[in-house]
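Novice: Structure incoming, see below.
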Amino acid sequence: MLDIDNYLKYTIITYLLSGIFIWIQKPVIMFDTNGKMKNFGVGPTKTIFYYPLILIIIAIVLFSIFNNLY
């Protein structure tokens, strides 16, 4: 069986929960009124807080936090 460190388990679980939470909440800064993701960019119908980009940032931050804690 795979031997995964505890910090990696906690990172994956927290990452999935935070991604699902953001997807369910659909913040206006990332999604339009129809619930669709806004395009990445600068403009009236675009956003710099693109959902996949935010997930990548969350993954890096969570990995750094849990790696230092355990």
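The values are calculated or read from the model by the stated rules, or taken from the named source; none is laboratory data. What you see is a predicted model, and the numbers here were worked out from it, not measured in a lab. Note: ideal-geometry Cβ built from the backbone for every residue, glycine included; neighbour counts use all protein chains shown. We work out accessible area using only protein heavy atoms, side chains counted, and drop any ligands, DNA or RNA first. Shrake-Rupley method; radii C 1.70, N 1.55, O 1.52, S 1.80 Å.
Novice: Output the residues belonging to segment 20-48 that are open to solvent by 90 Å² or more (accessible area, probe 1.4 Å) and assigned to a loop (DSSP other than H, G, I, E, B).
Specialist: Across segment 20-48, the qualifying residues are Val28, Thr33, Asn34, Lys36, Val42, Pro44, Thr45, Ile48.
Novice: Starting from segment 53-68, keep only residues that are at negative phi, then list their pairs with residues that are open to solvent by less than 50 Å² (accessible area, probe 1.4 Å) and not in a helix (DSSP H, G or I) whose Cβ atoms are within a distance under 9 Å, requiring at least 6 positions of separation or different chains.
Specialist: What qualifies is Ile54/Met30.
Novice: Does at least one position in segment 1-19 carry a residue that is in contact (Cβ under 8 Å) with a residue 12 or more places away in the chain, outside any helix (DSSP H, G or I) and open to solvent by less than 90 Å² (accessible area, probe 1.4 Å)?
Specialist: yes
Residues are listed down the side, and each one gets a yes or a no for (1) among the β-branched types (Val, Ile, Thr); (2) at pLDDT below 95:
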site	(1), (2)
Tyr7	no, yes
Leu16	no, no
Ile24	yes, no
Ile58	yes, no
Ser64	no, yes
Asn67	no, yes
